[in-house]
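Notes follow the structure.
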There are 2 protein chains.
Amino acid sequence: MTRFNLPESSLPTAWFNVLPRMATPMDPPLHPGTQQPVGPDDLAPLFPMALIEQEMSPTPWIDIPGEVLDILKLWRPTPLVRAERLEKELGTPARIYFKDESVSPAGSHKPNSAVPQAFYNKQEGITRLATETGAGQWGSSLSFATAQFGLECKVYMVRASYEQKPYRKVMMGLWGADVVPSPVDDPSSPGSLGAAISDAVRDTVSREDTHYALGSVLNHVCLHQTIIGLEAKEQLAAAGEVRPDVVLASCGGGSNFAGIAFPFMEDAAVRLVAVEPASCPTLTEGEFRYDFGDVAGMTPLMPMFTLGHDFMPPSIHAGGLRYHGDSPIVSQLHRDGRVEALAYPQGKVFEAAMQFAKAEGKIPAPETAHAIRGAIDEALAAKETGEEKVILFNYSGHGHLDLAAYDDYLNGRLIDA
Amino acid sequence: MTRFNLPESSLPTAWFNVLPRMATPMDPPLHPGTQQPVGPDDLAPLFPMALIEQEMSPTPWIDIPGEVLDILKLWRPTPLVRAERLEKELGTPARIYFKDESVSPAGSHKPNSAVPQAFYNKQEGITRLATETGAGQWGSSLSFATAQFGLECKVYMVRASYEQKPYRKVMMGLWGADVVPSPVDDPSSPGSLGAAISDAVRDTVSREDTHYALGSVLNHVCLHQTIIGLEAKEQLAAAGEVRPDVVLASCGGGSNFAGIAFPFMEDAAVRLVAVEPASCPTLTEGEFRYDFGDVAGMTPLMPMFTLGHDFMPPSIHAGGLRYHGDSPIVSQLHRDGRVEALAYPQGKVFEAAMQFAKAEGKIPAPETAHAIRGAIDEALAAKETGEEKVILFNYSGHGHLDLAAYDDYLNGRLIDA
């Protein structure tokens, strides 16, 4: 393997805004009660004005505040790595690169948005953030970010995860967050992301000092993640590549995919591929229409691919990909034919994860392994055709806290395999 | 924080051998039966000749084989990081640098020796390695290394860890190792490192195809780890530092400390400080004399600081530092006054770990946190005197699989606090 490290001085100083570059204008989110387009005032109780502006901004580039860059520098720029040992094992003429987002404090790409969200809230005088978390990737990232800015953080964690995955909970506690199982009013319920969102929103609207923070789906979250693709572009050039032929990332709410893919969007020669679980096939089998972001129907209606807001996917290990809907931007790019999508059952995904862990010595998160599966299949296709394809995927997170999932795979206990 | 990344082309190509540079010649290991000095033939059933030669080599620099470098490149050179946010929080004029060994496949410095050990065994026709592991850092590193060379790997894991720390076991299985609880002949016993060594040695001598591998203490293991200090030296120069004033590392069997400290040994202006747990104070309170490496008295007698080979430290979280003895080289350097030693109770250690995790966003292994405690105290001393001291410590491993220990700390359940 070869690593392409960018110097700190090459850290991007502006985010790439895809909104003004969309081929088809975006349909607006609608108020759940009035069904009218949502305006800034509707969102003000939940988010700071700076994030609301980003949510709708027509500006092609948006400056990253210096205070945010100072913290991102703790782990950014992240390495771009050429997976030469994997290429060799596959016997492919393709060149496989991955962007290593697992080096962040919480171990995934999520802090890229948690840090600016905490910053903008602090700047507007907010002293406390409330959020929900499923398996805990987002909750731990926001806990880290709020600790950096001296904000309080309250995390409503899906009760089943709270009880079965204690390590993420400890990580949040270590960074000072107050973590409680959700739903708060029904200790007998295992909980759901939808119920946890309701708890967090209810907390937010009941207190003057508190705002709400969301870890994916929304435009401003996708925006913050574009730093991944911007760095990757520069690193690929340093590696002597003109462009990637294909960019792949796992896709749940969409911000991870957006992060690496959006900065390549304007180059029509680059294929963009979102990879999702076969058990939660939002882009591949869902329908494009207005739907709620949560199970309870409290959020605005968003134009997106959806499996229905009451869809309950099976309890696969890639908890971060168990979402009924998808980012409205990613959805529209898929509808426009700019973004491809494919879906894999988790057995095929873990098989790829094992192959990667042996060849490259890194143990990926189950979510990340979806992108690896896609990348390996692209490389194997290139082997058939003899094409020297350039493949780029996002290594969105490590699997150090997901080893129980590997245990299930190794012992034949996977569902939907 | 600022990271100083070395290009791959700067990866050291030779290990630094401290043996010919010792002020006092080393006393030889003695055969446990005859009490006579151990020769190569005595060790041949356990180790390949290349490692036996390294164990006693007078050569100042020993070339690293290309096949070993090819694998080390998966994560090396590792970053040197200046912990500017920690400095700021401490309000110290000191500059604090750490060498980040947590980026390796198994998450610690251990693969630096596991890879060459697997390589030399493969080269001499061995097809299977047996080893013991306590908490699992060494076992997972050797599992990774043997997978790279297509060797079988058998790991005898202390039964208490096998049952209580399943994640490390899964990691080993993922890399293809066969992991069994030890002692194998007494399923009711929680086991000990000494008993697991006996199981691994018994396995080794009963099979022609098998050798034994040890993860610390021995001279050749310390040798392999010097790549850490060699890189750090070059990176400090790139950072504009003439030398570190003090180098710190946690010290159990000694190879981690050796790795970062030995390459600085010949510069008398550099203080070298080994940090150990107060509950297993080998260098600080042990006696320098010949003692066995294992509890059962099967290994050669080694001249070292020891608490007695039947010493049983309390079950602190820094499992990697629970060893009654110490590397003979490190021991002699301490006796000669070249190496300082200090000991901390684990409460003070976790306090430092938390401070580091908040400031720098990285969660250290409990072993590593000993070095962090020492570095913070050096920085606070510099604050008192106003000295612009340069502090270097080894960030030997991440704590992602040690979050249960943090949970104990956060909930007041630590012993020997």
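The values are calculated or read from the model by the stated rules, or taken from the named source; none is laboratory data. All of these numbers come straight from a predicted model, not from anything done at the bench. Note that we place each Cβ from the backbone using ideal geometry, even for glycine, and neighbour counts take in every protein chain shown. Remember, those area values only see protein heavy atoms, side chains included, never the ligands or the DNA or RNA. Shrake-Rupley method; radii C 1.70, N 1.55, O 1.52, S 1.80 Å.
Limiting things to C-alpha atoms, what are the Rg and the maximum Cα-Cα separation (Dmax) for the stretch A:238-303, in angstroms?
15.1, 50
Along the charge dipole of chain A, Cβ charges K/R +1 and D/E -1, which of A:Gly308, A:Ser113, A:Gly347 sits furthest on the positive end?
The listed residue farthest towards the positive side: A:Gly347.
Rounded to the nearest 0.05, what FRET efficiency do B:Glu67 and A:Asp310 have when you use their Cβ-Cβ distance and R0 = 51 Å? Don't jump to the answer; show the numbers that get you there.
On the way: r = 56 Å, r/R0 = 1.10.
Taking R0 as 51 Å, the efficiency between B:Glu67 and A:Asp310 is 0.35.
Take A:Val242, A:Val201, A:Val330 and sort them by solvent-accessible surface of the protein heavy atoms, 1.4 Å probe, largest at the top. Don't jump to the answer; show the numbers that get you there.
Values: A:Val242 135, A:Val201 25, A:Val330 0 Å².
Putting A:Val242, A:Val201, A:Val330 in descending order of accessible area: A:Val242, A:Val201, A:Val330.
Filter A:Lys165/B:Lys169; B:Lys88/B:Lys110; A:Lys358/B:Lys122; B:Lys73/B:Lys348; A:Lys99/B:Lys154 down to the pairs with a C-alpha to C-alpha distance above 25 Å, please. Walk me through the intermediate numbers first.
Working: A:Lys165/B:Lys169 17 Å; B:Lys88/B:Lys110 31 Å; A:Lys358/B:Lys122 18 Å; B:Lys73/B:Lys348 35 Å; A:Lys99/B:Lys154 34 Å.
Going by Cα-Cα distance, B:Lys88/B:Lys110; B:Lys73/B:Lys348; A:Lys99/B:Lys154 fall outside the 25 Å limit.
At B:Lys383, label 7 Å along Cα→Cβ: distances to the other copies, nm, ascending?
Label point to label point, same position, other copies: 5.7 nm.
Which FRET efficiency value, to the nearest 0.05, do you get for B:Ala14 and A:Lys88 by plugging their Cβ-Cβ distance into 1/(1 + (r/R0)^6) with R0 = 25 Å? Present the calculation step by step, with values, prior to reporting the outcome.
On the way: r = 26 Å, r/R0 = 1.05.
Between B:Ala14 and A:Lys88 the formula returns 0.45.
Using the basic label-point model (7 angstrom from Cα toward the beta carbon), what is the B:Ser189 to B:Asn411 distance in nanometres?
3.1 nm
Where nothing but the Cβ of Lys and Arg (+1) and of Asp and Glu (-1) is charged, how large is the charge dipole of the stretch B:329-406 around its Cα centre, in debye to the nearest 20? Walk me through the numbers on the way to the answer.
Values: 8 positive and 11 negative charges, 25 e Å.
Dipole magnitude for the stretch B:329-406 comes out near 120 debye.
What does the convex hull of the Cα atoms come to per residue for the stretch A:1-49, in Å³?
Numbers: hull volume 10.0 nm³, N = 49.
Given the Cα convex hull of the stretch A:1-49, per-residue volume reads 205 Å³.
Give me the one-decimal nm value for the distance between modelled label points at A:Ala404 and B:Thr385, 7 Å along each residue's Cα-to-Cβ direction.
My value for the distance between the label points is 4.9 nm.
Average partner chain C-beta neighbours within 10 Å, per residue of B:354-363? The partial results should precede the final answer.
On the way: counts 3, 0, 0, 6, 7, 3, 3, 13, 5, 8.
Taking the mean over all residues of the peptide, I get 5.
Under a 1.4 angstrom probe, counting protein chains only, how are B:Trp175, B:Trp61 ranked by accessible area, largest first? Can you show the working numbers first?
Numbers: B:Trp175 5, B:Trp61 120 Å².
Highest to lowest solvent-accessible surface, that is B:Trp61, B:Trp175.
Nm distances between the label at A:Met22 and the same-position labels in the remaining copies, 7 Å along Cα→Cβ, shortest first?
Those separations, rounded to one decimal, come out as 7.1 nm.
In peptide B:156-169, how many Cβ atoms from other protein chains are near each Cβ within 10 Å, on average?
Numbers: counts 0, 0, 0, 0, 0, 0, 0, 0, 0, 0, 3, 8, 1, 2.
Mean shielding by partner chains, rounded to a whole number: 1.
Between copies, how far apart are the A:Arg243 label points? List them in nm, one decimal, shortest first, with each point 7 Å from Cα toward Cβ, please?
5.5
Return the calculated 222 nm mean residue ellipticity for chain A, to the nearest 500 deg cm²/dmol, obtained by summing -39500 (n - 2.57) across DSSP H runs with n ≥ 4 and dividing by the residue count.
Working: 17 runs with 161 residues, N = 417.
For chain A, the value works out to -11000 deg cm²/dmol.
Binning at 5 angstrom from zero up to the longest distance, how are the C-alpha pair distances of the stretch A:31-126 distributed in percent?
Pair shares across the bins are 2, 10, 15, 14, 14, 13, 9, 8, 6, 4, 3, 0.
Specify the inter-centroid distance of the stretch A:114-158 and the stretch B:222-272, based on alpha-carbon positions, in whole Å.
Between the Cα centre of the stretch A:114-158 and that of the stretch B:222-272, the gap is 38 Å.
Counting Lys and Arg as +1 and Asp and Glu as -1, each charge on the Cβ, what is the dipole of the stretch B:245-364 about the Cα centre in debye, to the nearest 20?
Working: 8 positive and 14 negative charges, 56 e Å.
Using Cβ point charges on Lys, Arg, Asp and Glu, the stretch B:245-364 gives about 280 debye.
What translational diffusion coefficient, in µm²/s and rounded to a whole number, does the Stokes-Einstein relation yield for the protein assembly as shown at 25 °C and a viscosity of 0.890 mPa s, taking the hydrodynamic radius as the Kirkwood radius over Cα pairs? Mind dumping the intermediate values first?
Working: Rh = 27.4 Å.
After rounding, the answer is 89 µm²/s.
Report Rg (one decimal) and Dmax (nearest whole number) for chain A, counting Cα atoms only, units Å.
Gyration radius and largest Cα-Cα distance of chain A: 19.8, 61 Å.
Between the stretch A:361-417 and the stretch A:73-102, what's the alpha-carbon centroid distance in Å?
Each part reduced to its Cα centre gives a spacing of 13 Å.
Write down the Å³ per residue value for the convex hull defined by the alpha carbon atoms of the stretch A:281-413. Show your work: numbers first, answer last.
Details: hull volume 17.3 nm³, N = 133.
About 130 Å³ per residue, rounded to a whole number.
For A:Asp41 paired with B:Asp209, estimate the spin-label separation in nm (one decimal), with each label point 7 Å from Cα along the Cα-to-Cβ line.
Label-label distance for A:Asp41 and B:Asp209, simple model: 7.8 nm.
Which FRET efficiency value, to the nearest 0.05, is calculated for A:Glu53 and A:Ala237 with the Förster distance at 25 angstrom and r the Cβ-Cβ distance?
Values: r = 32 Å, r/R0 = 1.26.
Rounded to the nearest 0.05, the efficiency is 0.20.
Using a 1.4 Å probe and counting only protein heavy atoms, arrange A:Ser143, A:Ser10 so the residue with the most accessible area comes first. Kindly include the intermediate steps, with their values, before the conclusion.
Values: A:Ser143 0, A:Ser10 30 Å².
Largest accessible area first, the residues go A:Ser10, A:Ser143.
Would you work out which of B:Gly173, B:Thr368, B:Leu6 lies farthest towards the positive end of the dipole of the protein assembly as shown? Charges go on Cβ: Lys and Arg +1, Asp and Glu -1.
Projecting each Cα onto the dipole axis, the largest value belongs to B:Leu6.
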